[in-house]
Number of protein chains: 2
Amino acid sequence: MTESIKSPQELQAQLRRRGLRLTAQREVVFAAVNELRHATPEQILNAVAEEMPGITLSTVYRVLDVLEQLGLVTHAHMGHAPMTYHAVDEHRHMHVVCEGCGAIESVDAATAEEFARTLSDVTGYDVDVTHMAIAGRCRSCASRSKA
Amino acid sequence: MTESIKSPQELQAQLRRRGLRLTAQREVVFAAVNELRHATPEQILNAVAEEMPGITLSTVYRVLDVLEQLGLVTHAHMGHAPMTYHAVDEHRHMHVVCEGCGAIESVDAATAEEFARTLSDVTGYDVDVTHMAIAGRCRSCASRSKA
DNA sequence: GTATATGCAAAGGGTTTGCACGGTT
DNA sequence: AACCGTGCAAACCCTTTGCATATAC
């Protein structure tokens, strides 16, 4: 397992390079993203709320934005559900979301490599299969909806 | 080209079967979806506004909902952009959306068939690649963002 | 000391909902 | 008459933004 969790020092270095500052909020949110692996802004807020009582959702959004610009974090859209953030060190992966219960399954991006290439050829677009989730129904929701 | 545009009579029959009524709004919205092929609720509203001055956006949403339950229409999520509706008689297709300018490219669902099967195998989910768009960058946005 | 970050609260965009009126059956 | 459908307006969820204050440097 990669020792990928950047230290606060590393984070600070990255921030400094852009004239930005290391704040307690940034430190804590960054740690939370690394720990939670997949989380919505609200989940992150809840995760850090204990450690950092006054923090607000808008700050979480803003911090995530900064971390994303630094290339430390990315987000993916999950359909109706709020977007989820994760550390970039994770293997690139796509998400399959259950339309029934919202369960999310991660799939290695390599699985889609060939498909992505085909899509790019056909459309001329630079395709990124990881940015938006793919819809589906998990087994239990699938059987339930056979009603 | 398939003569797929259901007549008002057919529409009425379908509605009746469920104890629902044929209204001017339903007729007009249904026609608009068939004509526009791909449209957001708002675009549909604009399209029918002339013919049907008083109609509101919420009515459009409700009508689309009914049409969808009747199996005449489906919708797809396009990321940030509003969802688009189209008649079910269209060839099943997926959408690739440009993150830069919002341009949408349609791709025959057959292109994704094998990939979808693989995904289903891997996840156990009943996967539907058409329901959510795939992110990408169109050629012009891709070159522009090389800056 | 000065520019950047935060908290708070309000705005924003898309979609849904409650309610009373109007139209079909 | 009974009920479904509509218009209107407000509510909703998630995300973004403006502004004054607090903080890192």
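Any read-out appearing in this document is the output of simple, stated calculations on the displayed coordinates, not a laboratory observation. Source: prediction; values computed, not measured. Heads up, the Cβs are rebuilt from the backbone with ideal geometry, glycines too, and the neighbour counts pull from every protein chain shown.
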Would you mind telling me which numbered condition in (1) within 9 Å of DNA strand D (Cβ to nearest atom); (2) more than 14 Å from chain B (Cβ to nearest Cβ) A:V28 fails? (1)
(1) within 14 Å of another protein chain (Cβ to nearest Cβ); (2) more than 13 Å from DNA strand C (Cβ to nearest atom) all hold for A:Y85 apart from (1)
Applying the selection to segment A:69-82, what residues are surrounded by fewer than 15 Cβ atoms within 10 Å (Cβ to Cβ) and within 13 Å of DNA strand D (Cβ to nearest atom)? A:Q69, A:H80, A:A81, A:P82
Select, from B:T74, B:T59, B:T40, the only residue that is near DNA strand C (Cβ under 10 Å from one of its atoms), among the polar types (S, T, N, Q) and in contact with a helix residue (DSSP H, G or I) (Cβ under 8 Å, 6 or more places away or on another chain). B:T59
How many residues does segment B:85-100 contain that are of a type in the set (D, E, K, R) and more than 17 Å from B:D128 (Cβ to Cβ)? 2
Which one of these is within 12 Å of chain A (Cβ to nearest Cβ) and at positive phi: B:G79, B:G71, B:G100? B:G79
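Would you check which residues across segment A:32-52 are part of a loop (DSSP other than H, G, I, E, B) and closer than 23 Å to A:L20 by Cα and list them?
Within segment A:32-52, A:E51, A:M52 qualify.
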If you go through segment B:109-146, how many residues are among the aliphatic types (A, V, I, L, M), at the interface with chain A (Cβ under 7 Å from one of its Cβ atoms), free of Cβ contacts under 8 Å to residues at least 40 places away in the same chain and in a helix (DSSP H, G or I)? 3
In segment A:88-97, residues that are over 30 Å from A:S143 (Cα atoms) and within 10 Å of another protein chain (Cβ to nearest Cβ) total 0
Breaking point among (1) over 21 Å from B:G71 (Cβ atoms); (2) out of contact with any strand residue (DSSP E or B) (no Cβ under 9 Å at 6 or more places or on another chain), for B:Q12: (1)
Answer yes if at least one residue in segment A:6-27 is closer than 22 Å to B:I134 by Cα and in a loop (DSSP other than H, G, I, E, B), and no otherwise. no
Condition broken by A:S106, with the remaining ones in (1) away from every other protein chain (no Cβ under 11 Å); (2) within 12 Å of the chain's Cα centre (by Cα); (3) away from DNA strand C (no atom under 14 Å from the Cβ); (4) surrounded by fewer than 20 Cβ atoms within 10 Å (Cβ to Cβ) satisfied: (1)
Selection within segment B:102-119 - hydrophobic (A, V, I, L, M, F, W, C) and in contact with a His (Cβ under 8 Å, 6 or more places away or on another chain): B:I104, B:V107, B:A109
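Being under 16 Å from the mean Cα position of the chain (by Cα) and within 14 Å of DNA strand D (Cβ to nearest atom): is that true of A:T40 here?
When the stated conditions are applied, A:T40 passes them.
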